[in-house]
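A quick write-up on the structure given underneath.
The values are calculated or read from the model by the stated rules, or taken from the named source; none is laboratory data. For clarity, every value in this text was computed on a predicted model and none was experimentally measured. Neighbour counts are summed over all protein chains in view; Cβ atoms, including those assigned to glycine, are modelled from backbone coordinates with ideal geometry.
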Amino acid sequence: MEVPYFRPSIAEAEIEEVVACLRSGWLTTGPRTKQFEAALAECVGAEHAVAANSCTSALHLAVEALQLAPGQGVLVPTMTFAATAEVVRYQGAVPILVDCDPVTLNIDLEDAGRKLDQLRQGHLPLDVPLPVVGIIPVHVGGLMVDMDALKSFAERHDLWVVEDAAHALPAAFRKSTQHAWRRAGENTADVTCFSFYANKTITTGEGGMAVTADQKLADRMRQMSLHGLSHDAWGRYVGGGAWDYQIVAPGFKYNMTDVAAAIGNHQLKRAEQMRCGRETIAQGYREALGTLPQLELPAVLADRVHAWHLFPVRLRLDRLSIDRNAFIEQLHKCGVGCSVHWRPLHLHKYYAETFAWRPEHLPVATAEWQRLISLPLFPDMRKEESDHVIHVIQDLCARHAV
Ligand SMILES: Cc1ncc(COP(=O)(O)O)c(C=O)c1O
């Protein structure tokens, strides 16, 4: 049996809406994108939403609107995807890499404080004394960072916050049962960015969205998403809109198409239902794999609504005769697709060579990534598929136990 790492859940409604969009004669940013922006803002409890053609471009729009400039520094977790740090580089600024919490794999605020101290004392490899202006937390796998603690940290150090919520739609946190739930994007940061990449919790094929409570940031992001023009195409061509426009800044080409939004509008309606589907699979994995001494399962916290974008297990390498790479090879041989989230940024050629980051600067991520494997997890996963994954893992653990 073959179980893919991911299979998107596409319903007839999405297909019919794409066809209707194609028949409508309006393919680029237009009414379906506007509808998607309004629906997503409502879904996460945000005031303004700006659609983009990826989460990466949404993150770039966010840091640009916050006026991130060359020579500035931004705290970025090393345990993340390329996009979180590269948007800092797009602005000529420098990502200051921060280690992860060993339980959640999310950014470790203690280490963030330590990195700021070390930077001031000249103990980091970066040879420029940077003013650090922002922080970009990531909700790894859909398990939210405590955004209250993060906000206090940011206020103490005078930092703006851009939330990389690529994995966190829908997700929520609260400080304790005495506190209200807050959704990712519900004024949890200056700007929150979501991803609708093909394997994300909801998809538009490629796509992203930035949400904010700040009208000025929203206006700037919207303008910069379309060449820095004073009017968008929808405004220029429809309903007697002004044909003339001004270029007010050298913007980007980051707008979302209506074809993508046609998919997104229907995916969003099913976001919670699909989250529940993933949660059920995750629970099944937890029950069946939780007792294996060779594995550590992803953390579950009482005060979180987990988006369950990923199910990252960690191998207990001292209990196994094979390493992570050999384990992955065996999974593939048994027809189980998997992935790794992630090789930390400081262990990539570009960041190691450009900024001289070394493994010992970020010891937790350095150690943890060598035992990480993300198992298949998608809402339409069939029972026999998750059972196959479970049996293969139980068998591999038994065969390679020490
Ligand atoms: C944490 C994180 N941030 C950002 C991105 C970028 O998303 P997109 O592909 O929509 O640009 C990803 C994509 O995998 C991601 O995992």
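Report yes if E296 is farther than 21 Å from I328 by Cα and either touching a His at 6+ places or on another chain (Cβ under 9 Å) or not assigned by TED's automatic domain parsing to the domain that holds C100 (or both), otherwise no. So E296 does not fit the description; no. On the stretch given as region 373-402, residues that are among the polar types (S, T, N, Q) and touching a helix residue (DSSP H, G or I) at 6+ places or on another chain (Cβ under 6 Å) total 1. For region 365-402, filtered to residues that are small (G, A, S) and farther than 26 Å from D99 by Cα, the residue that is surrounded by the most Cβ atoms within 10 Å (Cβ to Cβ) is S386. Taking the listed residues A168, A189, the one that is among the hydrophobic types (A, V, I, L, M, F, W, C), within 16 Å of the ligand (Cβ to nearest atom) and in contact (Cβ under 8 Å) with a residue 60 or more places away in the chain is A168, with no other qualifying.
So that you can scan it fast, the table gives a plain yes or no per residue for (1) of a type in the set (G, A, S); (2) modelled with pLDDT of 95 or more; (3) on the phi > 0 side of the Ramachandran plot:
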site	(1), (2), (3)
D111	no, yes, no
P125	no, no, no
P129	no, no, no
V133	no, yes, no
G141	yes, yes, yes
A149	yes, yes, no
S152	yes, yes, no
E155	no, yes, no
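Just so you know, in region 75-97 the residues that are under 17 Å from the mean Cα position of the chain (by Cα) and away from the ligand (no atom under 14 Å from the Cβ) include one that is nearest to T212 (Cα to Cα), and it is L75. Among residues of region 286-297 being touching a strand residue (DSSP E or B) at 6+ places or on another chain (Cβ under 8 Å) and surrounded by 15 or more Cβ atoms within 10 Å (Cβ to Cβ), the one that is farthest from G142 (Cα to Cα) is Q294. Scanning region 157-186 for residues that are farther than 16 Å from R304 by Cα and either at pLDDT below 95 or under 15 Å from the mean Cα position of the chain (by Cα) (or both) turns up V161, V162, E163, D164, A166.
If a residue has to be over 17 Å from T56 (Cα atoms) and surrounded by fewer than 16 Cβ atoms within 10 Å (Cβ to Cβ) to count, how many in region 85-111 make the cut? The qualifying residues number 3.
Only one of R114, R174 is surrounded by 14 or more Cβ atoms within 10 Å (Cβ to Cβ), more than 16 Å from the ligand (Cβ to nearest atom) and under 27 Å from L377 (Cβ atoms). Can you tell me which? Before you say what the answer is, go through the steps one by one.
Details: R114 fails: under 27 Å from L377 (Cβ atoms).
Answer to the check: R174.
Restricting the search to region 51-73, which residues are of a type in the set (A, V, I, L, M) and within 14 Å of the ligand (Cβ to nearest atom)? Explain how you work it out, then say what you get.
Going residue by residue through region 51-73, those that are of a type in the set (A, V, I, L, M) are 51-52, 58-59, 61-63, 65-66, 68-69.
Hits for region 51-73 are A51, A52, A58, L59, L61, A62, V63.
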